Amino acid sequence: MAGTCRRQWSSLELRDPQGDLAAFESRNDQLSDSSSWRPSSEFLGSPGRDGSVRTTESLSTRFSSPIEPATDAIELLNTGDTPIDTFRWFLSDTNADYKKFALPAGTVLGANAILVVNGDTAGIGLSGTRGDEVTLMESDTEGNLLRFVDRVEFPAAAPGESFGRWPDGIGNLYPMTRNTLSLFNSSNGNSVRIGPVVISEIHYNPDGPDDDREFIIVTNTGPSTQNLSAWRMRGEVDYDFGDGVELAAGASITIIGFDPGDASTLAAFRQAYEASPASGFVGPWLTGATIGGKLNDGGGGVRLLSPGTLVENDGTEPYVPFYMEDSAVWYDTSDWPAAADGGGMALHRVRPFDRGDLAQSWADGVPFRATGPTQPSLPGYDNWAAGIFPAGTPEANTAPNADYDGDSISNSAEYAFATNPLVADAPAAVPAMSVVEDRLQIEFRMRETSPLNYAVSQSTDLLNWSTVADSDLDVLNTVPVGDGVGASRIVRLKASVSASAFYRISATR
């Protein structure tokens with residue numbers, strides 16, 4: 001039977017059954033959230049069965065500008081603790097032929113091992129301008145397809161930009177600042193690429209009537225003016241920015257569900273929110289084909305998209321690809337700010353350089369009144385920032401959680417580790433890690449002139465971190481580096497390094 005028919009027999013299964021079900025106890029309508037589901041591992045369903053091999057990164061170059069490597073690539077990661085034989089497994093980029101490329105016989109993925117498949121070798125051409133999908137399937141000894149091991153979809157990707165799961169193996173797909181094929185996605189100072197124009201505030205459930213009271217704010221967190229001509233917002237609501245829309249550094253624009261040219265409705269809106277600005281409103285947004293409409297009080301999501309270059313060479317009608325600049329979601333579950341769910345408060349993005357689908361990236365606060373970063377200034381940070389950033393720099397770019405030079409190292413980290421926030425020096429500024437005698441050794445710069453505490457933490461999923469006790473670390477030396485500010489410190493774990501663990505250095509009060 002053809003693969004397309006078999007796909008119709010596939011069921012859906014929860015991505016994280018235990019975690020999702022815990023949330024469903026308080027909000028059953030999350031069952032309708034597509035992000036909570038994936039195609040089942042087996043045809044006709046797969047109760048109790050799951051795979052541990054995941055597609056963790058994809059690089060699509062077809063119809064994009066020439067880059068290195070000038071080929072598509074798919075990265076697979078064994079997230080489990082035991083080796084997996086991938087004989088009779090197939091990769092494909094189309095549901096018309098699930099058996100497009102057979103993984104070579106003898107390919108065994110060890111625990112936490114990575115396999116990169118070259119698109120040219122596999123005969124797979126991923127569309128970077130339209131977006132694409134990747135399926136990984138297993139067959140029986142006769143070549144009959146048995147189950148979906150994994151399936152991912154990704155939108156249009158900017159030339160040279162890869163999409164990767166964040167965290168590795170278990171998270172959603174995001175555009176990343178670096179290609180890390182054959183390495184963990186968090187390697188070499190890599191991070192999710194966000195902004196600099198970000199979704200900074202969402203008011204999805206005002207107290208009282210929602211009609212003509214909801215809004216979404218977009219803010220330019222970068223150091224220069226951004227041209228938003230032909231940009232789009234898509235998702236729970238749709239909105240197309242017109243030509244000539246510019247957003248100065250640190251400035252915001254508010255998307256509303258009604259025409260801002262409607263003077264009486266706008267006046268009522270501004271009266272409802274005393275902190276609202278006098279200008280900077282655009283709209284109306286669309287919900288489906290309806291002008292206006294309300295945001296979902298139970299949860300939703302939106303994406304901010306920027307236009308690419310006209311594509312005329314892929315055999316279809318010319319079109320313009322749109323690239324994801326930021327995305328945001330909201331839920332009314334217990335881990336999300338409660339006062340934003342009908343309590344009169346709005347959701348404020350307090351971690352603008354972290355993913356917008358994380359509850360900890362948001363806090364509730366008075367509508368139109370910025371809440372600010374959750375991370376307080378480190379001792380001495382304010383004086384340091386006042387002296388090092390150019391005069392007139394918007395406060396949004398000098399905040400502790402901001403990243404002035406765009407090197408994926410926050411301003412507060414540049415301060416704590418005595419590096420230069422004006423020069424993009426990652427990964428050189430990232431602590432150097434090595435394994436010596438089966439023990440992890442870390443060398444990093446530290447600031448000597450402030451009472452900061454430096455700690456090593458470890459995690460197995462990049463979400464939950466535990467601090468390594470001082471008694472479990474050997475401080476080998478601390479040597480001044482000659483600038484009168486920083487010192488180079490080398491620490492080594494007393495225990496053997498874990499192959500499945502991630503490590504980081506942090507500085508706190």
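The values are calculated or read from the model by the stated rules, or taken from the named source; none is laboratory data. A quick note: this is a predicted structure, and the numbers were derived from the prediction, not measured. Methodologically, a virtual Cβ is constructed for each residue, glycine included, from the backbone with ideal geometry; neighbour enumeration extends over all protein chains shown. Each accessible area value is taken on the protein alone, full model and side chains, heavy atoms only, with ligands, DNA and RNA left out. Shrake-Rupley method; radii C 1.70, N 1.55, O 1.52, S 1.80 Å.
To the nearest 20 Debye, how big is the dipole of the stretch 211-278 about its Cα centre, given +1 on the beta carbon of each Lys and Arg and -1 on that of each Asp and Glu? Can you show the working numbers first?
On the way: 4 positive and 11 negative charges, 50 e Å.
Roughly 240 debye, rounded to the nearest 20.
At 0.36 nm per residue, and after removing the present C-alpha to C-alpha distance, how many nm does the segment from residue 105 to residue 433 gain when stretched out fully? Kindly include the intermediate steps, with their values, before the conclusion.
Numbers: separation 328, 0.36 × 328 = 118.08 nm, distance 3.48 nm.
That works out to 114.6 nm of additional length.
Students sometimes get this wrong: rank 174, 319, 404 by accessible area, probe 1.4 Å, all chains present, largest first.
Values: 174 15, 319 35, 404 60 Å².
Result of the area sort, largest leading: 404, 319, 174.
For residue 479, tell me the accessible area in Å² from a 1.4 Å probe, rounded to the nearest 10.
My reading of the accessible area for residue 479 is about 70 Å².
Can you order the peptides 113-120, 466-473 by their average number of other Cβ atoms within 10 Å per residue, highest first?
On the way: 113-120: 16.5, 466-473: 11.8.
Taking the mean over residues of other Cβ atoms within 10 Å, the ranking is 113-120, 466-473.
Report the Cα centroid-to-centroid distance between the stretch 115-154 and the stretch 398-420 in angstrom, as an integer.
If you average the Cα positions of each part, the centres end up 39 Å apart.
Could you give the size of the charge dipole of the stretch 459-509 about its Cα centre, using +1 on the Cβ of each K and R and -1 on the Cβ of each D and E, expressed in debye and rounded to the nearest 20?
Working: 5 positive and 5 negative charges, 7 e Å.
Taking the Cα centre of the stretch 459-509 as origin, the dipole is about 40 debye.
For the stretch 473-482, in order, what is each residue's ³J(HN,Hα) by Karplus, 6.51 cos²θ - 1.76 cosθ + 1.60 with θ = phi - 60°, in whole Hz (x at glycine and Pro)?
Running phi through 6.51 cos²θ - 1.76 cosθ + 1.60 with θ = phi - 60° gives 10, 9, 8, 6, 6, 9, 10, x, 9, x Hz.
In nm, to one decimal, how far is the modelled label at residue 263 from the one at residue 153, with both set 7 Å along Cα→Cβ?
Taking the simple label geometry, residue 263 and residue 153 are separated by 4.6 nm.
State the answer as a single residue: which of 299, 283, 333 lies farthest towards the positive end of the charge dipole of the stretch 239-359, with beta carbon charges of +1 for Lys and Arg and -1 for Asp and Glu, about the Cα centre.
Result: 333.
Charges only on Cβ, +1 for Lys and Arg, -1 for Asp and Glu: so what's the dipole of the stretch 60-162 about the Cα centre, in debye to the nearest 20? Before the final figure, lay out the partial values.
Details: 7 positive and 16 negative charges, 31 e Å.
The calculated dipole for the stretch 60-162 is roughly 160 debye.
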